[in-house]
Amino acid sequence: MKIAIDIGHVNRSGATGLYGLEEHETASTIAESLRLLLRKAGHIANIFDFPTLGNDEELARVARAINEGYYDLSISLHFDSASSPGPHGAHVCYLSERGKVVAQCVADHLAALLPGRAETVQRRPGLYILKHTVPPAILCECGFGTSPQDAAILRDQPDAIARAIAKGIADYTSRHA
Ligand SMILES: [Zn+2]
């Protein structure tokens, strides 16, 4: 498969978390690791990131690049934040029915590593990147940067997060693609 990896947000415009975590930076680290894993698994995997644009312009550029490149799948990487340290756990957002299948495969692994959300997959019609990309698309919220337990994993084990997502993609391709 030809897989697009979208790093959430532009430089210093996303969420921040404990230990100095910054969403774009953390997502970039996960993205590099995920790209290597997907390529090892035989996929074409490319990262899309326009960190110096404005957020809206960046989203439009990423969506256009994914559509014009005829990708088979789009994965956006983010982390959540909250105003208190309590909320924790990963979830995966989707919009299309095929996106939902991918989201479920990825959430099975990602939420095992970062547990805590009651609903590990969520249909999110309002998210630009899900709405404007042609291939099935998911948006991974890789835990809460504001939760001590999630932030420790985001800081120390970004490669484990990438592995969980790659395992989900492997499940999806073996079962459905
Ligand atoms: Zn985000």
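Structure summary
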quantity: In order through segment 76-87: 3J(HN,Hα) via Karplus (6.51 cos²θ - 1.76 cosθ + 1.60), integer Hz, x for Gly, Pro; calculated: 9, 10, 9, 10, 7, 9, 9, 7, 9, x, x, x
quantity: Heavy-atom surface of segment 93-150, accessible at 1.4 Å and reported per residue (Å²); calculated: 43
quantity: Stretchable slack from ALA65 to GLU119, in nm (0.36 nm times residue separation minus alpha-carbon distance); calculated: 16.4 nm
quantity: Point-to-point label distance, ASP72-ILE47, nm (Cα→Cβ direction, 7 Å offset); calculated: 2.3
quantity: Among GLU22, GLU57, GLU141, residue whose mean-square fluctuation peaks in a GNM of the chain (springs only between Cα atoms under 10 Å); calculated: GLU57
quantity: Residue order for ASP171, ASP56 - accessible surface, 1.4 angstrom probe, largest first; calculated: ASP56, ASP171
quantity: For ARG117, residues with placed amide H under 5 Å, excluding near neighbours; calculated: ALA90
quantity: DSSP bridge orientation in the chain - percent antiparallel, rounded to nearest 5; calculated: 20
quantity: 11 Å beta-carbon shell around THR16, net charge (K/R +1, D/E -1); calculated: -2
quantity: Carbon and sulfur %, accessible surface of the chain computed with the full protein complex present, 1.4 Å; calculated: 50
quantity: Distance between segment 39-70 and segment 105-177 - C-alpha centres, whole angstrom; calculated: 17
quantity: The chain, helix-only ellipticity at 222 nm - DSSP H runs n ≥ 4, -39,500 (n - 2.57), divided by all residues, nearest 500; calculated: -14500 deg cm²/dmol
quantity: Label-point separation, ASP156 to GLU97 (7 Å along Cα→Cβ), nm; calculated: 4.4
quantity: Amide hydrogen neighbours beyond the local backbone of ILE47, cut-off 5 Å, H modeled; calculated: ILE5
quantity: About the Cα centre, charge dipole magnitude for the chain (Lys/Arg +1, Asp/Glu -1 at Cβ), debye; calculated: 520
quantity: Per residue, the convex hull volume that the Cα atoms of the chain enclose (Å³); calculated: 98
quantity: DSSP-assigned coil residues among trypsin sites (Lys or Arg not before Pro) in segment 12-121, each with at most 12 further Cβ atoms within 10 Å; calculated: ARG12
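The values are calculated or read from the model by the stated rules, or taken from the named source; none is laboratory data. Bear in mind the structure is a predicted one, so any value in this text is a computation, not a measurement. All Cβ positions, glycine included, derive from the backbone under ideal geometry; neighbour counts span all protein chains shown. Calculation scope for accessible area: heavy atoms of the full protein, side chains included, ligands and nucleic acids excluded. Shrake-Rupley method; radii C 1.70, N 1.55, O 1.52, S 1.80 Å.
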